[in-house]
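No lab work stands behind these numbers, since they all come straight from the coordinates. Given the structure is predicted, the values throughout are model-derived calculations rather than measurements. Note that each Cβ is placed from the backbone with ideal geometry, even for glycine, and that neighbours are counted across all protein chains shown.
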Amino acid sequence: QKEVEQDPGPLSVPEGAIVSLNCTYSNSAFQYFMWYRQYSRKGPELLMYTYSSGNKEDGRFTAQVDKSSKYISLFIRDSQPSDSATYLCALGMDSSYKLIFGSGTRLLVRP
Amino acid sequence: GAVVSQHPSWVICKSGTSVKIECRSLDFQATTMFWYRQFPKQSLMLMATSNEGSKATYEQGVEKDKFLINHASLTLSTLTVTSAHPEDSSFYICSAGTRETQYFGPGTRLLVL
């Protein structure tokens, strides 16, 4: 079993839709939770980070963490074609600087 | 957010030559940097952890004599692909930051002919 599971997609939605991206993990030692967006042939861009259960909002993006269920989500409201990219969840722990990445979900927002 | 740069952004070389890729943290000091490799439509694969002033820590299966890492200062780490072969062609990305947040460079695309 992988440490972090993420549906690879692709996920295709119409413009304006609410998008839900998810990751599950198995190790309760993970304490830091990040979401990255990666456009084709570019480095990942940090979108959101959090280290506690609950919701964190930034503009159209909301990161949600449920440590009891070992489940994290990224919601995108009013999705735009420019949101079309691969979204990667990344998890870290206190004992190491290393991040464990999900496989990435490819999102396509149709105009 | 913090800025991490990489140079070059792309490189084409002949088989058997060595290629050096630089990773710089532009507005913060990084005692630890990471080097990743990414194949098309796949996720990031951690190659090694670069530590300022000490030897790099390589992930299992990564040849340390093949991928030389030097963390010369708090803002610069270099990855040298020695005697490159076509199977080394890939997208190489570095990152730097803290435990809570890691910032990535724009990546270097290597094509070995």
(request) Using Cα pairs closer than 8 Å and at least 6 residues apart in sequence, work out the relative contact order for chain B, in percent. (result) 37
(request) Would you mind checking the radius of gyration and Dmax of region A:1-65 based on alpha-carbon positions, in Å? (result) 13.2, 37
(request) Report the full-extension gain for the segment A:Tyr71 to A:Gln1: residue separation times 0.36 nm, less the Cα-Cα distance, to one decimal in nm. (result) 23.7 nm
(message) Placing unit charges on C-beta atoms (Lys and Arg positive, Asp and Glu negative, everything else neutral), compute the dipole magnitude of region A:58-111 about its Cα centre in debye, rounded to 20.
(response) 140
(request) Fewest Cβ neighbours within 10 Å first, please rank B:His7, B:His71, B:His85 accordingly. (result) B:His85, B:His7, B:His71
(message) Give me the percent relative contact order of chain A, please, defined on Cα pairs under 8 angstrom at least 6 residues apart.
(response) 37
(message) Multiplying the sequence separation of A:Asn27 and A:Asp94 by 0.36 nm and subtracting their Cα-Cα distance, what value in nm do you get?
(response) 22.8 nm
(message) Compute a Gaussian network model of chain B, connecting alpha carbons closer than 10 Å, and tell me which residue from B:Ile69, B:Ile12, B:Ile93 fluctuates the most.
(response) B:Ile12
(request) Write out the GluC sites (Glu not before Pro) in region B:31-63 meeting two conditions: DSSP loop, and at most 10 other Cβ atoms within 10 Å of their Cβ. (result) B:Glu63
(request) Select from A:Gly54, A:Gly92, A:Gly43 the residue whose mean-square fluctuation is largest in a Gaussian network model of chain A (Cα-Cα springs shorter than 10 Å). (result) A:Gly43
(request) Straight distance only, please: which lysines reach the Cα of B:Lys55 with their own Cα at less than 26 Å, same-chain residues fewer than 8 apart left out? (result) A:Lys98, B:Lys20, B:Lys64, B:Lys66
(message) As a footprinting exposure proxy, order B:Trp35, B:Trp10 by other Cβ within 10 Å, with the fewest listed first.
(response) B:Trp10, B:Trp35
